[in-house]
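A quick write-up on the structure given underneath.
The values are calculated or read from the model by the stated rules, or taken from the named source; none is laboratory data. What you are looking at is a predicted structure, and each value in this text was computed from that prediction instead of being measured. Cβ sites come from the backbone with ideal geometry, for glycine too, and all protein chains shown count toward neighbours. Only protein heavy atoms, including side chains, enter the accessible area calculation; ligands, DNA and RNA are left aside. Shrake-Rupley method; radii C 1.70, N 1.55, O 1.52, S 1.80 Å.
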Amino acid sequence: MQVGEVTISPSTTLDGFSPAWRAVLDQPLGLRSELDRMRETAPFYDATVDEIHGRQVRIGDHWLTDFASCNYLGLDLDREVIAAVGPYLDRWGTHPSWSRMIASPEPYAEIEATLADLLGAEDALLLPTITHIQLSVLPALVAHGSLFVEVHAHQTAHDGAVMTAARGGTVARFREDRLDRLERRLRRAPFPRLICVDGIHSMTGNAPPLADLLTLARAHDALLYIDDAHGFGIVGERSPDESSPYGSRGNGIVRHLNQTYDNVVLIGGFSKAYSSLLAFVACPTRVKDYLKSAAGPYIFSGPSPVASLATGLVGLQINERRGDELRARLYTLTRRLLDGIRRLGLATLNTSGFPIVEIPLRNPDHAEDLGRFLYARGVLAGVVPYPIVPRENVGMRVQVTAANTETEIDDLLAILADAHARYPLALAAPEVDADPGAGTSTGEV
């Protein structure tokens, strides 16, 4: 970290800093101290990418294959999307700096209408990011009522829970494998009641027990708030002629698991499948109108840039024409990876076949060594230490995109075999069926 002319590293002190800066920098990072240490010392964190060519990235003079990107459909590299940006900039300028409460460029209305139709929801409200939504929509919906957050929900949901508690709401955590405890709490919880879960989980790639959660929510007059950041655009409604077990149209986890939007608030983002800085809340129109006054970013935050409106809108158009083709390719590449992991005898937390593949280490203390080895061999992937994930899940996370190639997958598998010989990865249990797509046809998890 650089402040003035003084560089802080793990071996330096705070000599030369004013008391004001020392008061900030003396604060312990607590649970994030290991992540911070790796950020300062490991080449695979906080890197500057100098060049990209497909899913090859250059950091300094070192080329790596990118398995850390969340651009699942590869639309960040799609020439049709890229070519569409210029005309939108010519028409609307680079950034509409109005508060959305004052005015919004017409593409906002077009995207919201198209999105609601795709999802099968009554309406949708666009805000810049899911983080904005978690910190504003969660407390606006709960008010002085009750919020129950699943323990493995994304960190931004837990940050939203802190904001909810600060505004007078009652907050508790629950586990999706112990819904009996959640039900007991719901019976006596103040209204409004809201249950917050991930859709496709950002680390395991698996889906929640949505049918059970919805039954519980509806029985106790609660709302089920689903953060489908990694599912929207990838999974969708099931049909006999679908191109892959991911389903069709990429319209999210609710449709994929054949559920309705009764008592459901679905949030998602365009930054993953659509490679665009936009996020949404799918909800009834009356709730959308309420959030326009109750959610701070609609009133006080700047909107998304015009380029993001363009890529979001054109991405939705491409999705209708050839999105299922891209998802079929994504499924094929992910299956190639998961089949290879199975042949190596390695474990993965992924039981869904969706394109997020976490591979734990046997010894969590090897996380940084594994990351350095992968980096040296030309693999850019997520290395996740404790306590960001439980100690038994410490390891690497691979994210596949439709812009990856079969050769890149095969090379990764060869490198994983070499990595396993040096830093043993967790072994698969003999009885585990690692067939990608298993369990997705019925929606059971």
Residue set His158, His132, His152; condition under 21 Å from the mean Cα position of the chain (by Cα) and modelled with pLDDT under 95; output residue His152
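Return the residue satisfying two criteria in turn: it lies in segment 271-316 and is among the polar types (S, T, N, Q) and either under 16 Å from Asp76 (Cβ atoms) or modelled with pLDDT under 95 (or both), and of such residues it is surrounded by the fewest Cβ atoms within 10 Å (Cβ to Cβ).
Step one: list which residues in segment 271-316 are among the polar types (S, T, N, Q), which gives 271, 275-276, 285, 293, 301, 304, 308, 311.
With the extra rule that they be either under 16 Å from Asp76 (Cβ atoms) or modelled with pLDDT under 95 (or both), the set shrinks to 271, 275-276, 301, 304, 308, 311.
Details: Ser271: 21, Ser275: 24, Ser276: 27, Ser301: 16, Ser304: 26, Ser308: 24, Thr311: 27.
By that ranking, first place goes to Ser301.
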By residue number, the members of segment 290-308 that are within 19 Å of Glu110 (Cα to Cα), out of contact with any strand residue (DSSP E or B) (no Cβ under 9 Å at 6 or more places or on another chain) and in a helix (DSSP H, G or I) are Val306, Ala307, Ser308
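Just give me the residues in segment 407-426 being open to solvent by 10 Å² or more (accessible area, probe 1.4 Å) and small (Gly, Ala, Ser), in sequence order.
Initial filter on segment 407-426 (open to solvent by 10 Å² or more (accessible area, probe 1.4 Å)): 407-408, 410-411, 413-415, 417-418, 420-424, 426.
Correct list: Ala414, Ala417, Ala421, Ala426.
In segment 76-97, is there at least one residue being within 30 Å of Tyr386 (Cα to Cα), surrounded by 15 or more Cβ atoms within 10 Å (Cβ to Cβ) and modelled with pLDDT of 95 or more? I'd like the intermediate steps shown before the answer.
Within segment 76-97, the first condition is being within 30 Å of Tyr386 (Cα to Cα), and the residues that meet it are none.
No, every residue in segment 76-97 fails to be within 30 Å of Tyr386 (Cα to Cα), surrounded by 15 or more Cβ atoms within 10 Å (Cβ to Cβ) and modelled with pLDDT of 95 or more.
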The condition of being closer than 30 Å to Ser104 by Cα and surrounded by fewer than 20 Cβ atoms within 10 Å (Cβ to Cβ) holds, among Arg377, Arg343, Arg362, Arg321, only for Arg321
Checked segment 269-298 for anything among the β-branched types (Val, Ile, Thr) and under 15 Å from Ile133 (Cβ atoms); matches are Val281, Val287
By residue number, the members of segment 194-208 that are modelled with pLDDT of 95 or more and either touching a Pro at 6+ places or on another chain (Cβ under 6 Å) or surrounded by fewer than 22 Cβ atoms within 10 Å (Cβ to Cβ) (or both) are Val197
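Go over the candidates Thr114, Thr129 one by one and state the one that is touching a residue at least 40 places away in the same chain (Cβ under 8 Å), closer than 23 Å to Arg249 by Cβ and among the β-branched types (Val, Ile, Thr).
Thr114
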Selection from segment 139-173 of residues crowded, with 22+ Cβ neighbours inside 10 Å, assigned to a helix (DSSP H, G or I) and touching a strand residue (DSSP E or B) at 6+ places or on another chain (Cβ under 7 Å) yields Leu141, Val142, Ala157, Ala161, Thr164
When (1) of a type in the set (Phe, Trp, Tyr); (2) over 21 Å from the mean Cα position of the chain (by Cα); (3) open to solvent by less than 60 Å² (accessible area, probe 1.4 Å) are applied to Phe354, the one that fails is (2)
